[in-house]
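First up is the structure itself, then whatever we jot down about it.
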Amino acid sequence: MGVVILIVMAAGVAAMLTRKLPTAFALVLLGVVIALVAGAPLTGEESVLDTVVQEGAPMLASTMIAVLLGSWLGRLLDETGIAGTIVRKIVEFGGDRPTVVALGVLAVSALIGTVTGSAPAAMLAGIIGIPAMVAVGIPKVTAAGTILMGIAVGVPFELPIWQFFSTALDLPVPTVRGFMVKLFPLALVAAVAYVLIESRRRGVEHTWSLKSPAARPRSRRERLGDAPWYALLTPVVPLVLALGLELAIIPSLLAGVLYALVTTTRPREMNKRLLRTLYGGFEVAAPPIALFIAIGILLAAVKLPGAIEALEPLVKAVSPQNPVLFVLVFTALVPLCLYRGPLNVYGLGAGIAGVLIAAGIYPAVAVLGLAASYNQVFGVADPTSTQTVWSAQYAGVGPQQVMVRTLPYVWAVALGGFCVTAAAHL
C-alpha cells in the first residue's frame, strides 16, 4: 500500500510539473486518492469526506487569515505611498553608487518581505527599485535577483509564514520564531554576498530595455507626494509587536494595518480606504488561500492511520538519522524543491513533512528546519514562483537566468539551515 501511495504522489508531482493540473487542484486530488488508497471510508470517523475534506480544508484557517491581513497591509503600503517613499529615499541616498543603491534596495525588499510575500512584495520593492538599480549600472539579472534575495531576508520574519509552520507542523509559534531568528543571519549574509559579488563580477552595464518610470503616467499616489516620515515605520510595527513584545500574529498584523491607515489618511477618507484596500487584499490573497485549503486537505490525508502505517517503513528506510548524513542528503536534494517539485513546502512537500512528523521519523522542530530551509530556496530561485517570474520579466530577463545566478547563494542558506537543525535537534 505504501508503494501505491508513493506512486500516486509521483503522479501528482508529474501533473504539477507538466501543468496538467494547477497545484491546488492536484493537491486536493492527491489528498482524496491517498485517503482512498489508505482504506479510509467515505464518511464517518477517519473518513475521506468528514476527516480529509471537511476537517482538512479549514485546517490552516489561521494561516489564511494571516495571509489576508498581510496582503491587506501590503495594499495599504502601496496605495498610501509608504513602500514607494521608502524605495525612493533609499535610491536618493545611494546616488550614483551602484553597490550602495543595490544594498539599499535589498534592505527595502527585506523590510517589505516581512509584511507580505510573493509577487506583491516583489512589485512593491521592484517597480522603483529595479529601474533605479539598472540606471546606475547594476546588470538586469543581478537587479532582479537583488529584489528576490532581499525578500528572502525578510521571509524569516514574515508573520503569515510563522503561522503556516505553526499550524501545519503543530508547533507553538515561539518554537517557529526561535528557528526563524537563527535562519535570518544566514539569509542576510547570503543576500549581501550576492549583491557584492554579482554586481562587481558583472561590472557596470548602463542599459535599460523598459520604459523609464518617469515616462509612465503619474499615479494619484505619486501626485500626492511622499508618505509622512512616521508612516514609514509601518512595516516595522507588526514585527516589533510579534517579535519584541511576543504579541499574537493576527493582532500584530491588524496593528500594522491601523498604523498605516492612521498615519496616512484623513479621518473622513478612512472608511473608503479601509474597504478599498481590504477588497484589494482579497484579490492578492485568493491564490495562496486556495493553496492553503488544498494543503490542509493533503495534510489531513497523510495523517490518517492507514496512510501512516503504510508509509512509515518506507520513509524510515530512506530517512538518514545520522546528523552528518542528514545534512548531506537533504542538501543534495535541494533541487527537488524547484519547479514545484516534491520538496516544495507549498506543494507535496507539506504532505511529506506531515508524514515525517506523524510517523515519528524526525521531531517536528527538525521538520520545521527542513521546510523553512527549502522555502528559502523556493522563494528566490524557483522559475515558477510568482515573485521570480515577475522580477525577471520586469527586469527584461528570463526566470531561468535568475535561477542560475541566485541558486548557489540560497543553496548555501539551505545548507546552513540543515546544519543548525542537525546540531540542535538530532
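Side notes on the structure shown:
- Given charges at beta-carbon only (K, R positive; D, E negative), |dipole| of the chain in Debye: 1540
- As a rough guide to protection, the peptides 129-139, 262-272, 384-394, 39-49 ranked by mean Cβ packing within 10 Å, highest first, stand as 129-139, 384-394, 39-49, 262-272.
- Computed from the Cβ-Cβ distance with R0 of 35 Å, the FRET efficiency linking ARG266 to LEU196 stands at 0.20.
- Helical mean residue ellipticity (222 nm; -39500 (n - 2.57) per DSSP H run of 4+; nearest 500) of the chain: -23000 deg cm²/dmol
- Degrees between helix 173-201 axis and first principal axis of the chain (Cα, 0 to 90, nearest 10): 50
- The stretch between LEU36 and MET1, if pulled fully straight at 0.36 nm per residue, gains 11.5 nm over its current Cα-Cα span.
- Residues GLU246 and THR99, FRET efficiency given R0 of 45 Å [Cβ-Cβ distance, rounded to 0.05]: 0.80
- By the rule of a C-alpha distance below 16 Å, with chain neighbours fewer than 8 residues away ignored, the aspartates and glutamates paired with LYS182 are GLU158.
- For the chain, the alpha-carbon radius of gyration amounts to 0.98 times the rule-of-thumb value 2.2 N^0.38 Å expected for a compact globular protein.
- Packing here is the average count of other Cβ atoms within 10 Å per residue, and on that basis the peptides 292-301, 364-373, highest first, run 292-301, 364-373.
- Annotation: peptides 317-325, 105-113, ranked by per-residue average of other Cβ atoms within 10 Å with the highest first, follow the order 105-113, 317-325.
- Column: log10 I(q)/I(0), Debye, Cα scatterers of the range 286-426, q = 0.13, 0.21 Å⁻¹: -0.59, -1.26
The numbers here are math on the coordinates, done by the rules we state, and not lab data. Owing to the predicted nature of the structure, the values given are computational and were not obtained by experimental measurement. Cβ atoms come from the backbone with ideal geometry, glycine included; neighbour counts cover every protein chain shown.
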